Structures are given as C-alpha cells and as structure tokens.
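Engineer: Submitted below is the structure of interest, expressed as structure tokens.
Read-outs throughout are calculated quantities, based only on the coordinates presented, and are distinct from any laboratory measurement. Small disclaimer: the values here were computed from a predicted structure and weren't measured. Every residue, glycine as well, gets a Cβ built from its backbone with ideal geometry; the counts of neighbours run over all protein chains shown.
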Amino acid sequence: MSWDFSTDRDYQEQLDWMAEFVRREIWPLESIWHELGLDGLRQAIAPLQEEVKARGLWATHLPPELGGQGMGQVRLGLMHEILGSSPIAPLAFGNAAPDSGNSEILALAGSPEQKDRWLHPLLAGDLRSAFSMTEPDTPGSDPTQLRTRAVRDGEEWVIDGHKWFSSNGSIADFLIVMAVTNPDARPSQRASMFIVPVDTPGVEILRDVPTMEHPWEQFGAYGGHSEILYNNVRIPGDALLGGEGEGFVLAQHRLGPGRIHHCMRWLGVARRAFDMMCERATYRHAHGSVLADKQTVQNWIADSAAEMQAARLMTLHAAWVMDTEGARAARTDIALIKFYGAKVLHDVIDRAIQAHGSLGYSTDLPLEQMYRFARAARIYDGPDEVHRQTVARQILNGYQAPAGEVPSEHLPTRRREARERFSHLLEAVTAND
Ligand SMILES: Cc1cc2nc3c(=O)[nH]c(=O)nc-3n(C[C@H](O)[C@H](O)[C@H](O)COP(=O)(O)OP(=O)(O)OC[C@H]3O[C@@H](n4cnc5c(N)ncnc54)[C@H](O)[C@@H]3O)c2cc1C
C-alpha cells in the first residue's frame, strides 16, 4: 500500500501564510493577554479574525455548508501544528477548544433549530460553550460510570449531577452536558447529550478549579476548568442533542479528529521549546565550551528532533487513515499518537528547561508554563494508560498462545524440527566428514 500525505502547492502557500501571520500578529499578544483581559483580547483579535476569514481559513474543521473547507484531517493537522505554537492562535482561526469540538457536535447532531440558536452564534463568536462530562466522583477514564442523571418529566428533562473540569464553563453561555438517561441500557447507550444554557435555574458554577496550569484562584477567565452543580435543572424536550442514548457515539465523533488536532498542536509547542533549546546551546558557555559542544546537549537535540519527527509522521499517518478509511479504521493509530505525542511534548520541554537552567525554571521564559500545560496532556483526551491499553489489546488480537505453550522461537524446538526436515543434508555433511 502506498502512503501519501503530501501537501499541494496551493495549500503549502496557505500554510506558509499562516506560519508568518501567527508569528507576526499573534505571538506579540501572548505576553500581555492576561493584562488585556478577555474583552481586550477579543478586540485585539477581531481584525485578525477578519484576515483569516478573507483567506478562507476560518473554522475549517466544519463541513463546507457551515463555512469549513472540507479539508480533511491531514490538512487540518498541518494547520493545527502551526496554530499550536501559540495558546491564542486558535481563537483567531475560529477553532479554539472547546468551542471547536462543540460546534462539530452541533453540526453533526443538532436539529435545524438548535443550529440556528446555538451553532451559528457560536461560529460568529457571539456565544461561548463548554463540554460538561467529567465528574469528581466517577472516573472520567471510564465514562460508562457517569452518575449525572437526566430524567424525563412530561415535556421536560430534569438534570441532577455534579461535574468538574468543564473547560471554559465559567465564561460559557451554554453547556453541552452528558447525562445518563437510561441506566439499564448497554453501557455505551446509557448517556445522552443536552444543551443547557448557563442561566437555567439550578445550574450553579461553583468555581474554576485551580490547577497546575492556572495555580491561582480565578473565576470567569478564559481557559478555566469549572466545577458545576446541576440541581433539579429543568430543560425543554428539544434540548436533547442527537438521539436518546447517543451520548457516547457523539463524544467519539468529537474526540477522534480532536485528538489529531491536539497532537499536531503539541508538536507546535514542542517545536517552539526545541528552538529555544537550540538557541540556548549556541551561546551559553560553561566548562570551556558552549552547550552546543557538549555531547549530552547534542543528544537532547538529536533525540528531540527524532521524537518530534516520529510523532509528526505518526500523527499525519493517523490523519491520512482517517481521511481515507474513516474514523473507525484510525482508532489504534489515534490511540498511539495520543500517548506518544503527549510524551514527546513533555520530554522536549523538559530538556529545553534543563538547557536553560534557572532561567528555564523561571517565569521569565514561557517554558515553565509550557511544562505545566504538557503535564495535562497525559490526562485529558483519555489518560495515556487507557490509550496504551487500547493499542495493546488491538495488537494482541493478532496473536494466539503457541501449541503446548512452547514459544514459537524456542531454539531447541526449532533445531529439532530443522534437523528432521533437513536430515538428508545433515547426513550428507556427516558422510563427507
Ligand atoms: C486540562 C484539562 C481539561 C479538561 N477539560 C475537560 C472538559 O472540557 N470537559 C470534561 O468533561 N472533562 C475535561 N477534563 C477531564 C478529563 O477528561 C479527565 O480528567 C480524564 O478523562 C480522566 O478522568 P479522571 O480525571 O476522572 O481520572 P480517572 O478516571 O480517575 O483516572 C485516574 C488515573 O487512573 C489511571 N487509569 C485509568 N484507567 C486506567 C487503565 N485502564 N489502565 C491503567 N491505568 C488507568 C490513569 O493513570 C488515570 O490518569 C479535562 C482535564 C484536564 C486535565
């Protein structure tokens, strides 16, 4: 089978434009975006969004009828690699998480009325959203155990439950909530998704959970991870998104391409850390030479280059499988890149910090912030261990126990078999002796 994820010239020009645009217009905003606040940032980004739209690069993850280009995952992946270099670049391109994934779900499963009310304003940037699935008291890695319930009461649904880590929950206008609608159904069909406006009585946003990424208390800031109580939350029957019991199917649709985009964004971050490490190596002089002359530092650079290249090719390959054979066929490839990509991201940043010594550990460089961001990548989108398990199980399906539990490569057994098979040759050799 031939593999082909090459880039045509027209699209390469778009990629070159994006790389230059992000570096010129967006990187300079990074060091003051907390000072600007959300509204200031939106003002700064508004004209950039117009430029992106004029290039036909706005919300490209969506189907063509909603303004996307029907690009496919390989092209989207290459775009996300560039956008990943800055935490605010996706905002300028209309594909910032979690709105991007939520808009995909709405595009996929929303009724025409739901699209009018929620999707179109979301795409226009007039509304913000959050995805509310994980609960503090049940394992997010096994969402079949969700406890949040949605019960039908006449024409309405009533939701009760406790969620946390609903990213952007405290600045969202609406939440896409995953709740169990039929606890007796098969595990994969127990839950459904609902659109819940945040101002619905009974929705109580308790706090943005302080994290390694945002260690200080904050509320209502972009990128916060909200803890939310749903107390007797009544929503109309048409708040159901997709069919009853389709929650997990929809979540999978959202997560497959999302993981490819995440992995490519991680490469964008890793590349920036890598560039910083290489730059440092050129001038820091210690023990008689610059760091570039130390073999350990050379190893860090070579290992990082190899690992980033491997992660990049694996991710583009997963994207290509998804484009050519569909999401199901790409399942193992996507699980592979999830844990491998997260490790590469972590390790490259870690080496870059080490090469910078105390400066790398300080907040005078963005490396420490990248490092905290990288640590989360091993947990969200499914913890790495679950993806490793998926990969191992899939691989092990191709193996079976050998007869008599004797390993297939057991040398004494193979030698005995070979002696029998080639006895005539062995006899001839012995006769000549
Ligand atoms: C930055 C960030 C943003 C997030 N954003 C959102 C969001 O917007 N919406 C949302 O709903 N959720 C969000 N989450 C939550 C995320 O999806 C969950 O944290 C994740 O699914 C893991 O669930 P958990 O935290 O309950 O850990 P658990 O399920 O309790 O797992 C804990 C650990 O157990 C181990 N483990 C689990 N299963 C296995 C296994 N099969 N084999 C071996 N070890 C295993 C792993 O080491 C795992 O890390 C976010 C999380 C983070 C960190």
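Engineer: If contacts are Cα pairs under 8 angstrom and at least 6 residues apart, what is the relative contact order of segment 61-125 in percent?
Structural biologist: Result for segment 61-125 is 26 percent.
Engineer: Suppose the chain between GLU244 and GLN43 were pulled fully straight at 0.36 nm per residue; how much longer would it get relative to their current alpha carbon spacing?
Structural biologist: This chain segment gains 68.4 nm when fully extended.
Engineer: Across the Cα atoms of segment 109-262, what radius of gyration and what greatest pairwise Cα-Cα distance (Dmax) are found, in Å?
Structural biologist: 14.9, 44
Engineer: Tell me which residues come under 5 Å, amide H to amide H, from ASP173 once H is placed; ignore anything under 5 positions away on its chain.
Structural biologist: ARG128, SER129
Engineer: What nm value, rounded to one decimal, do you get for the distance between GLU217 and ALA376 when each label is placed 7 Å out toward the C-beta?
Structural biologist: About 2.0 nm, to one decimal.
Engineer: Using the Cα atoms of segment 19-116, I'd like the radius of gyration and the largest Cα-Cα distance, Dmax, both in angstrom.
Structural biologist: Considering segment 19-116 through its Cα atoms, Rg and Dmax are 14.0, 41 Å.
Engineer: Given q = 0.23 Å⁻¹, what are the Debye log10 I(q)/I(0) values for segment 5-58, with equal point scatterers placed on the Cα positions and solvent ignored?
Structural biologist: -0.91
Engineer: Applying the Karplus parametrisation 6.51 cos²θ - 1.76 cosθ + 1.60 with θ = phi - 60° to the phi angles of segment 167-183, what ³J(HN,Hα) value in whole Hz is obtained for each residue in order, glycine and proline being reported as x?
Structural biologist: 4, 6, x, 7, 10, 7, 8, 9, 10, 9, 10, 9, 9, 6, 10, 9, x
Engineer: Another question, then. For segment 377-433, what is the convex hull volume of the alpha-carbon atoms per residue, in Å³?
Structural biologist: Hull volume normalised by residue count: 134 Å³.
Engineer: Among ILE395, ILE337, ILE176, ILE45, which comes first, second and so on when ranked by fewest other beta-carbon atoms within 10 Å?
Structural biologist: Fewest to most other Cβ atoms nearby, the residues stand as ILE395, ILE45, ILE176, ILE337.
Engineer: Using the Cα centre of the chain as origin and beta-carbon charges of +1 (Lys, Arg) and -1 (Asp, Glu), tell me which of LEU255, GLY56, PRO383 is placed farthest towards the positive end of the dipole.
Structural biologist: The residue sitting most towards the positive pole is PRO383.
Engineer: Short version: ³J(HN,Hα) in whole Hz for each residue of segment 118-129, in order, from phi by Karplus 6.51 cos²θ - 1.76 cosθ + 1.60 (θ = phi - 60°), x for Gly and Pro, what are they?
Structural biologist: Karplus-based 3J(HN,Hα) across segment 118-129 equals 10, 5, 4, x, 5, 5, 6, x, 8, 10, 10, 9 Hz.
Engineer: Quick one: in segment 329-387, what % of C-alpha pairs are over 13 Å apart?
Structural biologist: It works out to 60 percent of all Cα pairs.
Engineer: Let me ask something else. I'd like the Kirkwood hydrodynamic radius of segment 201-264, using the inverse of the mean 1/r over distinct C-alpha pairs, in Å.
Structural biologist: 14.9
Engineer: Under a Cβ-Cβ cut-off of 14 Å, what is the net charge of the residues other than THR332 that fall near it, where Lys and Arg count +1 and Asp and Glu count -1?
Structural biologist: Every neighbour counted, the sum reads +4.
Engineer: If you stretched the chain out fully between ARG149 and LEU206, how much longer would it get, using 0.36 nm times the residue separation minus the C-alpha to C-alpha distance?
Structural biologist: 18.6 nm
Engineer: Using a basic spin-label model with each label point 7 Å from the Cα along Cα→Cβ, how many nm lie between THR296 and TYR399?
Structural biologist: My value for the distance between the label points is 3.6 nm.
Engineer: I would also like to ask the following. Could you grab the relative contact order for the chain? Cα pairs under 8 Å, six or more apart, rounded to a whole percent.
Structural biologist: After rounding, I find 13 percent.
Engineer: Next question, about the same structure. Whole percent per 10 Å bin, from 0 to the bin with the longest distance: what is P(r) over all C-alpha pairs of segment 173-237?
Structural biologist: In order of increasing distance, the bins hold 18, 39, 30, 12, 0 percent.
Engineer: Sum up the charges of everything whose Cβ sits under 14 Å from the Cβ of SER141, counting Lys and Arg as +1 and Asp and Glu as -1, but leave SER141 out.
Structural biologist: With Lys, Arg at +1 and Asp, Glu at -1, the neighbours total -3.
Engineer: Return the distance in nm (one decimal) between the two label points of a simple spin-label model at HIS34 and GLU279, each offset 7 Å from Cα along Cα→Cβ.
Structural biologist: For the pair HIS34/GLU279, the computed spacing is 2.0 nm.
Engineer: Still on this model: Once amide H atoms are placed 1.01 Å from N in the peptide plane, what residues at a sequence separation of 5 or more from GLU246, or on another chain, have their amide H within under 5 Å of its amide H?
Structural biologist: Hits under the 5 Å cutoff: MET193.
Engineer: Between beta-carbons, use under 13 Å as the cut-off and find the net charge around ILE260, counting Lys and Arg +1, Asp and Glu -1.
Structural biologist: +2
Engineer: For segment 298-348, report the convex hull volume of the alpha-carbon atoms normalised per residue, in Å³, without decimals.
Structural biologist: Taking the convex hull of the Cα positions in segment 298-348, it is 48 Å³ per residue.
Engineer: If eta is 1.002 mPa s and T is 20 °C, what Stokes-Einstein diffusion coefficient results for the chain, Kirkwood Rh from Cα pairs, in µm²/s?
Structural biologist: 89
Engineer: Can I ask one more? Taking only DSSP H segments of four or more residues, each worth -39500 (n - 2.57), what value at 222 nm results for the chain once the sum is divided by all its residues, to the nearest 500 deg cm²/dmol?
Structural biologist: -16000 deg cm²/dmol
Engineer: Now for a separate question. Compute from the Cα atoms of segment 252-347 the Rg and the Dmax, the latter being the longest Cα-Cα distance, and quote both in angstrom.
Structural biologist: Values for segment 252-347 (Cα only, Rg and Dmax): 16.6, 55 Å.
Engineer: Please list, by residue number, every one of the GluC sites (Glu not before Pro) in segment 160-243 that is coil in DSSP and has at most 12 other beta-carbon atoms within 10 Å.
Structural biologist: In loop regions of segment 160-243 (DSSP not H, G, I, E or B), the sparsely surrounded GluC sites (Glu not before Pro) are GLU217.
Engineer: In addition: For segment 253-263, just list the computed ³J(HN,Hα) in residue order, Karplus coefficients 6.51, -1.76 and 1.60, θ = phi - 60°, integers in Hz, with x standing in for Gly and Pro.
Structural biologist: Running phi through 6.51 cos²θ - 1.76 cosθ + 1.60 with θ = phi - 60° gives 4, 6, 7, x, x, x, 5, 5, 5, 4, 4 Hz.
Engineer: Rounded to the nearest 20 debye, what is the charge dipole size of the chain about its Cα centre when +1 sits on each Lys and Arg Cβ and -1 on each Asp and Glu Cβ?
Structural biologist: Taking the Cα centre of the chain as origin, the dipole is about 1000 debye.
Engineer: Report, by chain and number, residues whose modeled amide H sits under 5 Å from the one on SER166, excluding near sequence neighbours (fewer than 5 apart, same chain).
Structural biologist: Amide H to amide H, under 5 Å and 5 or more residues apart or across chains, SER166 pairs with SER226.
Engineer: Kirkwood hydrodynamic radius for segment 321-433: how many Å is it when counted over pairs of different Cα atoms?
Structural biologist: Evaluated on segment 321-433, it is 19.1 Å.
Engineer: Still on this model: Are there chymotrypsin sites (Phe, Trp or Tyr not before Pro) in segment 209-288 that DSSP marks as loop and that have at most 14 other Cβ atoms within 10 Å, and which are they?
Structural biologist: TRP216, PHE219
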